[in-house]
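S.K.: Just dropping this structure here.
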Amino acid sequence: MKEFKFLIAIWKTNLQSAMEYRGAFLTQTIGMMVNNFIYFAIWIIFFDRFKDVRGWGINDMYVTFGILASSFGLVSLLFGNAFMLSDIIAKGRLDYYLSLPRPVLLHTVASRTIASGMGDFTYGLISYVASGYFTWDGLARYILAMLLAATVFVSFLIFTQSLAFWLGMMSNFSNLVLNAMLTFGIYPITLFDGYAKLILFTIIPAALMGAIPAEFIRAFTWETLAQLLLGAIGFLALAIITFNIGLRRYESGSAIQTEV
Amino acid sequence: MKHFAKYWSIFQITLLNSLAYPGEMVGRSLMIIPFMWIFYQLWKVTFSTAGADVISGLTLRDTLWYLMLAETIELSRPPLARTMSENVKDGSIAYILNKPYDFMLYQFSAAMGETIFRALVNAIFGGLTVWWLVGAPNHPEGFIIALPAIFGAWFLQFCLNAMIGLSAFVVEDVSAFTWIYQKLAFIFGGMLIPLNFYPQWLQTFAKMLPFSSAMYGPVYLSVAPSRELFISVMTLQLAWITALTILLIIIYRRGLTQLTVNGG
């Protein structure tokens, strides 16, 4: 409860800070929505020509794109530093968080809001509403699926970026896994079978951020809910354990400074 | 000639800089492998569902080699607009502008220096992956024929990105513009889906825009090389290069009058 209050306080501060530059916040929000729409138009063109991919049609793409965008947006808004954790570790910028009496990981990742995340978050919701699958109970499932997909995503980011404790500067690798996660997440799951599917549930858990939440939103099944819950809990545990083990190896950058 | 020697040196220095960190370069280029693999999955299923070996003049093999070159061009492009925006935000623009070289030519030389080695590594990784997935290209000579058009594509992309970067002189943060530009280039440049597969009206429209000269034209030339196509791609590209260079010079001159440097 204490940590939750702390999180709320950080998010409130982040929001106030973002609102200081309202113009930039609005530009980035609207810019990202336009960006997502144009990107999605490629899928509209594709499905207009080829109709479906092994039973996966444009409406399924709306839901998948929607949940992926919303969960990505949510992580950008609430845990923006998760995207640059490896940089923070490698450059010795954890000193600041270590010097304060708060949980280091939580404090670090929540200390930044990426304004464009609001555009992703909103676009995702619009995409779901436009999918033709919208129902009120579906919306409730959407919210739950978004929270679980965001948990998988932020955990995956923390896990991969925490490898910087061992590997040092690894921004290229971080970008690689981030791009892989987003790219594989948006493609129809029906394209993959066998080992490829296994990879999308484990090494690059893109299926837990795109296809599986989308399936759960379209129709409730205990199986998909269990997959999402298991994925979220498993990756969260993996992320926390990896970060904490890595933290023991952390070397100070003598960089206690104001983090803005 | 002596005047251009300094830009050649800038190009060489940036190229050597990129060679100084081969591990980083290779790491970054690995991204093309999953991209090509996922494209293969998508188009294999699409061709199989359509029950056709050739769709709009392209086979599965052509499509994959097309996408490989398109990705190579795109992934090799340095983030010029973002760099220029950062230069404006942190004030370092002041140090670049007062040096005895032309700002735009400096940016171009540095951008090309960053591009060349990156493109080579991307092409090697991407080419090997596609070769393994679908076999050798149907027209290997196409990649040589398309080379001038590929350089033209990079020049056009430089002009477009520099214009976005220059907008930082006025608005400082250009990220929203770069996202939108990138996605417009994806859609109208035929980067993820060859323009051949678009509805006719959209193909006609897309081919009228500079994005297709900066991507689709050179890439399609590499998989379907012919004298007529070469002439048509190069003519259109040169027309765009002329128009955008003039526009870039005008925007740059105007931008200089509006620039406010924040410290530095």
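S.K.: Mind counting the residues in the range A:54-106 that are of a type in the set (Asp, Glu) and more than 22 Å from the chain's Cα centre (by Cα)? Break it down into steps so the answer makes sense when it comes.
M.R.: First pass over the range A:54-106, keeping only residues of a type in the set (Asp, Glu): A:60, A:87, A:95.
So of that shortlist, the ones also more than 22 Å from the chain's Cα centre (by Cα) come out as A:95.
Residues in the range A:54-106 being of a type in the set (Asp, Glu) and more than 22 Å from the chain's Cα centre (by Cα): 1 in total.
S.K.: Would you mind finding the one in A:Ile114, A:Ile30, A:Ile67 that is within 14 Å of chain B (Cβ to nearest Cβ) and either assigned to a helix (DSSP H, G or I) or surrounded by fewer than 21 Cβ atoms within 10 Å (Cβ to Cβ) (or both)? Break it down stepwise before answering.
M.R.: Working: A:Ile114 fails: either assigned to a helix (DSSP H, G or I) or surrounded by fewer than 21 Cβ atoms within 10 Å (Cβ to Cβ) (or both); A:Ile67 fails: within 14 Å of chain B (Cβ to nearest Cβ).
Among A:Ile114, A:Ile30, A:Ile67, only A:Ile30 is within 14 Å of chain B (Cβ to nearest Cβ) and either assigned to a helix (DSSP H, G or I) or surrounded by fewer than 21 Cβ atoms within 10 Å (Cβ to Cβ) (or both).
S.K.: In addition: Name every residue in the range B:209-227 that is hydroxyl-bearing (Ser, Thr, Tyr) and either over 14 Å from B:Ala185 (Cα atoms) or touching a Phe, Trp or Tyr at 6+ places or on another chain (Cβ under 7 Å) (or both), in order of residue number.
M.R.: B:Ser212, B:Ser213, B:Tyr220, B:Ser222, B:Ser226
S.K.: Turning to a different aspect of this structure: Look at B:Val26 and say whether it is surrounded by fewer than 15 Cβ atoms within 10 Å (Cβ to Cβ) and either closer than 24 Å to B:Ala146 by Cβ or among the basic types (Lys, Arg) (or both).
M.R.: Details: surrounded by fewer than 15 Cβ atoms within 10 Å (Cβ to Cβ): yes; either closer than 24 Å to B:Ala146 by Cβ or among the basic types (Lys, Arg) (or both): no.
Taking the combined requirement at face value, the residue does not satisfy it.
S.K.: Counting only residues that are part of a helix (DSSP H, G or I) and of a type in the set (A, V, I, L, M), which one in the range B:200-217 is nearest to the other protein chains (Cβ to nearest Cβ)? Steps first, answer last, please.
M.R.: Here is the first cut: in the range B:200-217, the residues part of a helix (DSSP H, G or I) are B:200-207, B:210-213, B:216-217.
With of a type in the set (A, V, I, L, M) added as a condition, the list becomes B:202, B:206.
Details: B:Leu202: 7, B:Ala206: 10 Å.
Checked the range B:200-217; the qualifying residue nearest to the other protein chains (Cβ to nearest Cβ) is B:Leu202.
S.K.: Same structure, new question: Taking B:Ser175, is it polar (S, T, N, Q), at the interface with chain A (Cβ under 10 Å from one of its Cβ atoms) and over 18 Å from B:Trp43 (Cβ atoms)? Working first, answer last.
M.R.: Numbers: polar (S, T, N, Q): yes; at the interface with chain A (Cβ under 10 Å from one of its Cβ atoms): yes; over 18 Å from B:Trp43 (Cβ atoms): yes.
Yes; evaluated as a whole, the condition is true for this residue.
S.K.: Also, quick follow-up: What single numbered condition from (1) of a type in the set (Val, Ile, Thr); (2) under 27 Å from B:Thr178 (Cα atoms); (3) buried (at least 16 other Cβ atoms within 10 Å of the Cβ) fails to hold for B:Ile13?
M.R.: Here B:Ile13 clears every test but (3).
S.K.: To continue, here is another question. Against the condition within 13 Å of another protein chain (Cβ to nearest Cβ) and either of a type in the set (S, T, N, Q) or touching a Leu at 6+ places or on another chain (Cβ under 9 Å) (or both), how does A:Trp11 come out, does it pass?
M.R.: Values: within 13 Å of another protein chain (Cβ to nearest Cβ): no; either of a type in the set (S, T, N, Q) or touching a Leu at 6+ places or on another chain (Cβ under 9 Å) (or both): yes.
No: the conditions fail for A:Trp11.
S.K.: Taking the range B:34-61, which residues are among the hydrophobic types (A, V, I, L, M, F, W, C) and surrounded by 17 or more Cβ atoms within 10 Å (Cβ to Cβ)? Talk me through it step by step, then tell me what you get.
M.R.: We begin by selecting, within the range B:34-61, every residue among the hydrophobic types (A, V, I, L, M, F, W, C); these are B:35-39, B:42-43, B:45, B:47, B:50, B:52, B:54-55, B:58, B:60.
Within the range B:34-61, B:Phe35, B:Met36, B:Ile38, B:Phe39, B:Leu42, B:Trp43, B:Val45, B:Phe47, B:Ile55, B:Leu58, B:Leu60 meet the criteria.
S.K.: Go through the range B:100-131 and give me each residue that's over 19 Å from the mean Cα position of the chain (by Cα) and assigned to a helix (DSSP H, G or I).
M.R.: Applying the first criterion (over 19 Å from the mean Cα position of the chain (by Cα)) to the range B:100-131 yields B:100-103, B:128-131.
Of everything in the range B:100-131, those that are over 19 Å from the mean Cα position of the chain (by Cα) and assigned to a helix (DSSP H, G or I) turn out to be B:Phe103, B:Leu128, B:Thr129, B:Val130, B:Trp131.
S.K.: Could you say whether any residue in the range A:176-183 is in contact (Cβ under 8 Å) with a residue 40 or more places away in the chain, in contact with a strand residue (DSSP E or B) (Cβ under 6 Å, 6 or more places away or on another chain) and of a type outside the set (Ser, Thr, Tyr)? Write out each step before concluding.
M.R.: Keep residues of the range A:176-183 that are in contact (Cβ under 8 Å) with a residue 40 or more places away in the chain, which gives A:178, A:182.
Narrowing further to those that are in contact with a strand residue (DSSP E or B) (Cβ under 6 Å, 6 or more places away or on another chain): none.
Within the range A:176-183, not a single residue is in contact (Cβ under 8 Å) with a residue 40 or more places away in the chain, in contact with a strand residue (DSSP E or B) (Cβ under 6 Å, 6 or more places away or on another chain) and of a type outside the set (Ser, Thr, Tyr).
S.K.: Let me ask something else. What are the residues in the range A:79-93 that are of a type in the set (A, V, I, L, M) and touching a Leu at 6+ places or on another chain (Cβ under 8 Å), if any? Spell out the reasoning first.
M.R.: The first filter runs over the range A:79-93 and keeps only residues of a type in the set (A, V, I, L, M), leaving A:82, A:84-85, A:88-90.
The answer is A:Ala82, A:Leu85, A:Ile88.
S.K.: Something else: Kindly indicate which of B:Ser76, B:Ser92 is of a type in the set (S, T, N, Q) and more than 21 Å from the chain's Cα centre (by Cα).
M.R.: From the options B:Ser76, B:Ser92, the qualifying one is B:Ser92.
S.K.: If we only count helices (runs of 4 or more DSSP H) wholly inside the range B:1-75, which ones have 2 or more residues that are within 9 Å of another protein chain (Cβ to nearest Cβ)?
M.R.: Details: elements: B:2-20, B:22-29, B:32-50.
Counting at least 2 such residues, we get B:22-29, B:32-50.
S.K.: Regarding the range A:107-126, can at least one residue be identified that is out of contact with any Ser or Thr (no Cβ under 7 Å at 6 or more places or on another chain), under 16 Å from A:Tyr250 (Cα atoms) and of a type outside the set (D, E, K, R)?
M.R.: Within the range A:107-126, one or more residues are out of contact with any Ser or Thr (no Cβ under 7 Å at 6 or more places or on another chain), under 16 Å from A:Tyr250 (Cα atoms) and of a type outside the set (D, E, K, R).
S.K.: Answer yes or no: is there a residue in the range B:223-241 that is over 30 Å from B:Tyr95 (Cβ atoms), in a loop (DSSP other than H, G, I, E, B) and of a type in the set (A, V, I, L, M, F, W, C).
M.R.: First, pick out the residues of the range B:223-241 that are over 30 Å from B:Tyr95 (Cβ atoms): B:223-240.
Narrowing further to those that are in a loop (DSSP other than H, G, I, E, B): B:224-226.
In the following step, the residues that additionally are of a type in the set (A, V, I, L, M, F, W, C) were identified as B:224.
Yes - at least one qualifying residue is present in the range B:223-241.
S.K.: Pick out the one residue from B:Ile246, B:Ile251 that is hydrophobic (A, V, I, L, M, F, W, C), in a helix (DSSP H, G or I), free of Cβ contacts under 8 Å to residues at least 24 places away in the same chain and away from every other protein chain (no Cβ under 14 Å). Give the derivation first.
M.R.: On the way: B:Ile251 fails: free of Cβ contacts under 8 Å to residues at least 24 places away in the same chain.
Of B:Ile246, B:Ile251, the one residue that is hydrophobic (A, V, I, L, M, F, W, C), in a helix (DSSP H, G or I), free of Cβ contacts under 8 Å to residues at least 24 places away in the same chain and away from every other protein chain (no Cβ under 14 Å) is B:Ile246.
S.K.: Could you tell me which of the residues B:Phe188, B:Phe230, B:Phe197 is more than 10 Å from chain A (Cβ to nearest Cβ) and either surrounded by fewer than 17 Cβ atoms within 10 Å (Cβ to Cβ) or of a type in the set (A, V, I, L, M, F, W, C) (or both)?
M.R.: B:Phe230
S.K.: Could you grab me the full set of residues in the range A:40-58 that are free of Cβ contacts under 8 Å to residues at least 12 places away in the same chain and either in a helix (DSSP H, G or I) or within 15 Å of B:Trp201 (Cα to Cα) (or both)? Let's see the steps before the verdict.
M.R.: So the first thing to find is which residues in the range A:40-58 are free of Cβ contacts under 8 Å to residues at least 12 places away in the same chain, and the list is A:41-42, A:45-46, A:48-52, A:57.
Within the range A:40-58, A:Ala41, A:Ile42, A:Ile45, A:Phe46, A:Asp48, A:Arg49, A:Phe50 qualify.
S.K.: Still on this structure, I have one more. Going through the range B:76-99 one residue at a time, which ones are crowded, with 19+ Cβ neighbours inside 10 Å and part of a helix (DSSP H, G or I)?
M.R.: Once the filter is applied, which keeps residues that are crowded, with 19+ Cβ neighbours inside 10 Å and part of a helix (DSSP H, G or I), the range B:76-99 yields B:Ser76, B:Leu80, B:Ala81, B:Met84, B:Ser85, B:Asn87, B:Val88, B:Ile93.
Read-outs throughout are calculated quantities, based only on the coordinates presented, and are distinct from any laboratory measurement. Keep in mind it's a predicted model, so treat the numbers as computed, not measured. Note: ideal-geometry Cβ built from the backbone for every residue, glycine included; neighbour counts use all protein chains shown.
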